[in-house]
Amino acid sequence: MDEKLQQIKSSLQEEYQKITSLEQLNDWKVKYLGKKGLITEVSSMMRDIPNEQKKEVGQKIQEVKNIYQQLYDEKQEALEDEVLNIKLANDAIDITLDGVKLKPLTGAHMIEKVIEDLEGLFISMGYTVEEGPEVEKDLYNFEMLNLPKGHPARDAQDTFYIDKDEILLRSQTSPVQVRTMLKNKEKEPIRIICPGKTYRRDDDDATHSHQFTQMEGLVIDKEISLADLKGTFDVVAKHLFGSDRLTRFRPSFYPFTEPSVELDISCFNCGMKGCSICKGTGWITVGGAGIVHPNVLKSSGYDPDKVSGFAFGFGIERLTMLKYGITDIRVLYTNDLRSNSQFSRRDV
Ligand code: DAH
């Protein structure tokens, strides 16, 4: 037995020296410790060893096993390192090569760009940005804005009703005025804008869309006058269309403002000589505005004898089309990525 173990020990050490690959290491393992391996075979002979010798023989077998295991572990590690190093050397990445440029899926939408631009401007003037629901109550969209049921001015806003006469898709962002005043509970000042989607039952064509975008504005404070509105509108016009823009008010009618005005800017295209953009007038209308009607203040909990305010509503598609020279509003709604991808999100 002793002799056999000695033989095994020296042959496994000798063969070990010749191992140069993981495959050879595996063969070596099978030869000595496989099912019919040499060490396995000797171990199975333990059965026939008299009891009093079992301990001693067992220790000797274990000794050989230990030597084997140590050699095996060392070789395995060395060979695996070697394989890894070869792989690393072959797979080396050339970091000096140009990477593949990923094309952004799309850029910012032009409407979004105009909204974010205006938000930045108004925030810099102390305004906050409010939101309101697109599915709105008739109460806020019309009634509390001084447009009771049956009022003829409702016809101008052909509305999508959802639930009988009470729930609708907002036809303007003006209901956010009411919501904001109710939320502020008689406190002033209020200085908000609210950009958002609005809906009317229009047939879509080059200048109409059943879904469009407005930006509402509301300022409530002591002694607010049309002069404040004019100054604010002036800043917006110059910011969007250049510092030499002029602005003017044209008398108008909105049930929720008194007096009411149309907001016009001097044509940036022809220097007011008259062109197709300003339809020969030298002026371009971009929204409506006015001094908040006392009825609206009252219904929203404010005392018209103590505070006053101005409100405005810009047509965002109109501003966007003017700014980017778009002649068909459908360009903004047909999701052609070629129009969006001209603008990087970073430009917003
Ligand atoms: N809501 C109006 C519309 O959709 C626009 C408007 C006009 C808003 C005058 C206002 C305002 O806040 O004061 O035509």
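Being touching a Leu at 6+ places or on another chain (Cβ under 7 Å) and part of a helix (DSSP H, G or I) is the requirement here; does ILE111 meet it?
yes
Looking only at residues that are within 15 Å of GLU136 (Cβ to Cβ) and in contact with a strand residue (DSSP E or B) (Cβ under 6 Å, 6 or more places away or on another chain) in the stretch 175-191, which one is nearest to the ligand (Cβ to nearest atom)?
Top of the filtered list is GLN177.
Within the bounds of the stretch 146-158, is there any residue that is within 14 Å of the ligand (Cβ to nearest atom) and without any contact (Cβ under 8 Å) to a residue 12 or more places away in the chain?
Yes, some residue in the stretch 146-158 is within 14 Å of the ligand (Cβ to nearest atom) and without any contact (Cβ under 8 Å) to a residue 12 or more places away in the chain.
Scan (1) surrounded by fewer than 15 Cβ atoms within 10 Å (Cβ to Cβ); (2) in contact with a Gly (Cβ under 8 Å, 6 or more places away or on another chain); (3) not hydrophobic (A, V, I, L, M, F, W, C) for the single condition ASN340 breaks and write down its number.
Status for ASN340: all satisfied but (1).
What pairs come up if the first residue lies in the stretch 310-322 and is closer than 29 Å to PRO294 by Cα and assigned to a strand (DSSP E or B), the second is at pLDDT below 95 and aliphatic (A, V, I, L, M), and their beta carbons are under 6 Å apart, counting only those six or more places apart or on different chains?
none
Within the stretch 202-209, is there a residue that is at pLDDT 95 or above, touching a strand residue (DSSP E or B) at 6+ places or on another chain (Cβ under 9 Å) and either basic (Lys, Arg) or under 29 Å from ASP328 (Cβ atoms) (or both)?
Checked against the condition, which is being at pLDDT 95 or above, touching a strand residue (DSSP E or B) at 6+ places or on another chain (Cβ under 9 Å) and either basic (Lys, Arg) or under 29 Å from ASP328 (Cβ atoms) (or both), the stretch 202-209 yields no hits at all.
Given the criterion assigned by TED's automatic domain parsing to the domain that holds PRO189, away from the ligand (no atom under 11 Å from the Cβ), under 27 Å from SER225 (Cβ atoms) and in contact with a helix residue (DSSP H, G or I) (Cβ under 8 Å, 6 or more places away or on another chain), identify the matching residue among LEU297, LEU332.
LEU297
Which residues, counting only those in the stretch 196-229, are within 15 Å of the ligand (Cβ to nearest atom) and closer than 23 Å to PRO259 by Cα?
Answer for the stretch 196-229, where residues must be within 15 Å of the ligand (Cβ to nearest atom) and closer than 23 Å to PRO259 by Cα: GLN214, MET215, GLU216, GLY217, LEU218, VAL219, ILE220, ILE224, SER225, LEU226, ASP228, LEU229.
Looking at (1) in a helix (DSSP H, G or I); (2) more than 56 Å from the chain's Cα centre (by Cα), which one does VAL83 not meet, given that it meets all the others?
The failed condition is (2).
If you check PHE142 against the conditions, is it among the aromatic types (Phe, Trp, Tyr), more than 30 Å from ILE326 (Cα to Cα) and within 12 Å of the ligand (Cβ to nearest atom)? Step through it out loud before you land on a result.
Details: among the aromatic types (Phe, Trp, Tyr): yes; more than 30 Å from ILE326 (Cα to Cα): yes; within 12 Å of the ligand (Cβ to nearest atom): yes.
So PHE142 fits the description; yes.
Listed residues PHE233, PHE253; which is at pLDDT 95 or above, farther than 20 Å from ILE277 by Cβ and either surrounded by fewer than 17 Cβ atoms within 10 Å (Cβ to Cβ) or over 29 Å from the mean Cα position of the chain (by Cα) (or both)?
Only one candidate passes the filter, namely PHE253.
Go over the candidates SER21, SER43 one by one and state the one that is at pLDDT below 90 and small (Gly, Ala, Ser).
SER43
Do you know which of the residues in the stretch 12-39 that are acidic (Asp, Glu) and surrounded by 12 or more Cβ atoms within 10 Å (Cβ to Cβ) is nearest to the chain's Cα centre (by Cα)?
Start the filter on the stretch 12-39 by keeping residues that are acidic (Asp, Glu), which leaves 14-15, 23, 27.
Add one more test, that the residue is surrounded by 12 or more Cβ atoms within 10 Å (Cβ to Cβ), and what stays is 15, 27.
Details: GLU15: 65, ASP27: 59 Å.
Applying the filter and picking the extreme gives ASP27.
Those residues that are in contact (Cβ under 8 Å) with a residue 60 or more places away in the chain and basic (Lys, Arg), I need them from the stretch 204-245; list them, please.
LYS222
Please determine whether any residue of the stretch 212-221 is of a type in the set (Asp, Glu) and touching a Ser or Thr at 6+ places or on another chain (Cβ under 6 Å). I'd like the intermediate steps shown before the answer.
Taking the stretch 212-221 first, the residues of a type in the set (Asp, Glu) are 216, 221.
Adding the requirement that they be touching a Ser or Thr at 6+ places or on another chain (Cβ under 6 Å) leaves 216.
Yes, some residue in the stretch 212-221 is of a type in the set (Asp, Glu) and touching a Ser or Thr at 6+ places or on another chain (Cβ under 6 Å).
Which one of these does ASP244 not meet: (1) within 16 Å of the ligand (Cβ to nearest atom); (2) surrounded by fewer than 19 Cβ atoms within 10 Å (Cβ to Cβ); (3) among the charged types (D, E, K, R)?
Only one criterion is unmet by ASP244, namely (1).
Would you call ASP73 at pLDDT 90 or above, among the charged types (D, E, K, R) and under 30 Å from MET215 (Cβ atoms)?
Considered against the rule, which asks whether it is at pLDDT 90 or above, among the charged types (D, E, K, R) and under 30 Å from MET215 (Cβ atoms), ASP73 comes out as no.
So, in the stretch 41-72, of the ones that are of a type in the set (S, T, N, Q) and exposed (fewer than 14 other Cβ atoms within 10 Å of the Cβ), which residue ends up farthest from VAL83 (Cα to Cα)? Show your work before the answer.
Going residue by residue through the stretch 41-72, those that are of a type in the set (S, T, N, Q) are 43-44, 51, 53, 59, 62, 66, 69-70.
So of that shortlist, the ones also exposed (fewer than 14 other Cβ atoms within 10 Å of the Cβ) come out as 44, 51, 53, 59, 62, 66, 69-70.
Values: SER44: 36, ASN51: 47, GLN53: 45, GLN59: 36, GLN62: 31, ASN66: 26, GLN69: 21, GLN70: 20 Å.
Ranking the qualifying residues of the stretch 41-72, first place goes to ASN51.
The values are calculated or read from the model by the stated rules, or taken from the named source; none is laboratory data. Note that this is a predicted model, so its numbers are computed, not measured. Don't worry about glycine lacking a Cβ; one is built from the backbone with ideal geometry, like all the others, and counts go over all protein chains shown.
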